[in-house]
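Step one of this worksheet: look at the structure below.
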Amino acid sequence: MTSGIFDAYLRRLGVPGPAAAPSAEGLFALQRAHLERVPYENIDIHLGRPPGIDPELSARRFAAGHGGYCFHLNGAFAALLGHLGYDVTLHLGGVYEETGAQDVNGNHLALTVRVDGAEYLVDVGLGDGPHEPLPLREGAYDQGGFSYRLEPLAGPLEGWTYRNPFGPFPVMNFLSAPAAMDDFDAEHLRLSTAEDSPFVRTLALLRRDAESLDLLRGRILTRIDPAKGPSERELTTPEEFYEAIATVFGRDLDDLTPVDRAALWTQVNRAHEEWLASREG
């Protein structure tokens, strides 16, 4: 990846010009900026053109105002951190709805970074994850009213369990062993194309800041603030829908043609009606 791509990526994060030497302070600032400026989103998957997970492609997309999901977000972020001199490792992970899950299914890419004599879990690809890195040691951690926990992975596998009790996927397990981007190719293909994949079935955008989480699932826009409680709004027109994507989540829309926008709105409406019918049933 050329330095020009990294420079454009850093500008998207609001970090123009040469970066300082690696430090815990710098790492924390980079993760905060990434979560606030590059959304977790699956728009192109819904349009039937899922982007590959090559880190250079993802970095170019971020520089152009787009986002992605875990393989894109953490894959490109790992490449950026490596370029900046950080000691970063990729790990095979898995997210689960079951709090007792002890396996690792490979549907998530996790990162660890060593800097200033400490090791951290670094993750900009969970959507609803921590705003700042978590020290890679057992314990409970509070950030802006959100609570998380890290503990050694139970069972025969060597790794870690991250717990987010208020998230839709309260458990993320990851192996201690290093992984490579190629290890995620098959699962990315499945998640981005299979009819039963949640990424194919449900449009989702997420953006995290210090005190809250913004979430768009279909036509329901939610802001989760632990201090105030959640607030929810239904987006009833395409104008509202696309304005929220652009302003709340910072996702540039220049790549979407009128045909794209009509197709995406039709899909979201169809899924919304199916969701309403399921609730009534």
I'm told Asp123 meets every condition in (1) acidic (Asp, Glu); (2) free of Cβ contacts under 8 Å to residues at least 40 places away in the same chain; (3) buried (at least 19 other Cβ atoms within 10 Å of the Cβ) except one. Can you identify the failing condition by its number? (2)
Cβ-Cβ under 7 Å pairs, at least 6 apart or on other chains, region 188-209 side farther than 28 Å from Arg37 by Cβ, far side of a type in the set (S, T, N, Q): Arg190/Ser197
From the set of residues in region 138-153 that are outside any strand (DSSP E or B) and out of contact with any strand residue (DSSP E or B) (no Cβ under 7 Å at 6 or more places or on another chain), which is surrounded by the fewest Cβ atoms within 10 Å (Cβ to Cβ)? Gly145
Please return the ranges of helices (runs of 4 or more DSSP H) entirely within region 162-281 where 3 or more residues are modelled with pLDDT of 95 or more. 185-193, 238-247, 258-280
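Could you list, in sequence order, the residues of region 23-36 that are among the small types (Gly, Ala, Ser) and either buried (at least 18 other Cβ atoms within 10 Å of the Cβ) or not in a helix (DSSP H, G or I) (or both)?
Answer for region 23-36, where residues must be among the small types (Gly, Ala, Ser) and either buried (at least 18 other Cβ atoms within 10 Å of the Cβ) or not in a helix (DSSP H, G or I) (or both): Ser23, Gly26.
Test Arg233 against the stated conditions and say whether it is touching a Leu at 6+ places or on another chain (Cβ under 9 Å), basic (Lys, Arg) and surrounded by fewer than 18 Cβ atoms within 10 Å (Cβ to Cβ).
yes
Matching residues to (1) of a type in the set (D, E, K, R); (2) within 30 Å of Leu203 (Cβ to Cβ):
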{"residue": "Arg11", "(1), (2)": "yes, yes"}
{"residue": "Asp44", "(1), (2)": "yes, yes"}
{"residue": "Gly75", "(1), (2)": "no, yes"}
{"residue": "Tyr86", "(1), (2)": "no, no"}
{"residue": "Tyr96", "(1), (2)": "no, yes"}
Given the conditions (1) over 24 Å from Phe146 (Cβ atoms); (2) surrounded by 15 or more Cβ atoms within 10 Å (Cβ to Cβ), report the number of the one that Pro258 does not fulfil. (2)
Given (1) assigned to a loop (DSSP other than H, G, I, E, B); (2) surrounded by 13 or more Cβ atoms within 10 Å (Cβ to Cβ); (3) at pLDDT below 95; (4) not polar (S, T, N, Q), identify the lone condition not met by Pro156. (2)
Evaluation of Ala20 against (1) part of a loop (DSSP other than H, G, I, E, B); (2) of a type outside the set (S, T, N, Q); (3) in contact (Cβ under 8 Å) with a residue 40 or more places away in the chain; (4) over 22 Å from Gly250 (Cα atoms) (one fails), failing number: (3)
Just give me the residues in region 42-93 being within 17 Å of the chain's Cα centre (by Cα) and of a type in the set (Lys, Arg), in sequence order. Arg60, Arg61
Return the only residue of Asp142, Asp128, Asp209, Asp116 being farther than 19 Å from Val95 by Cα and within 15 Å of the chain's Cα centre (by Cα). Asp209
If we take region 37-103, then helices (runs of 4 or more DSSP H) inside it with 2 or more residues that are surrounded by fewer than 20 Cβ atoms within 10 Å (Cβ to Cβ), without any contact (Cβ under 8 Å) to a residue 60 or more places away in the chain and of a type in the set (Asp, Glu) are none
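The values are calculated or read from the model by the stated rules, or taken from the named source; none is laboratory data. Note that the structure is predicted; figures quoted are calculated from it, not measured. No Cβ is skipped: glycine too gets one built from the backbone with ideal geometry, and neighbour counts run over all protein chains shown.
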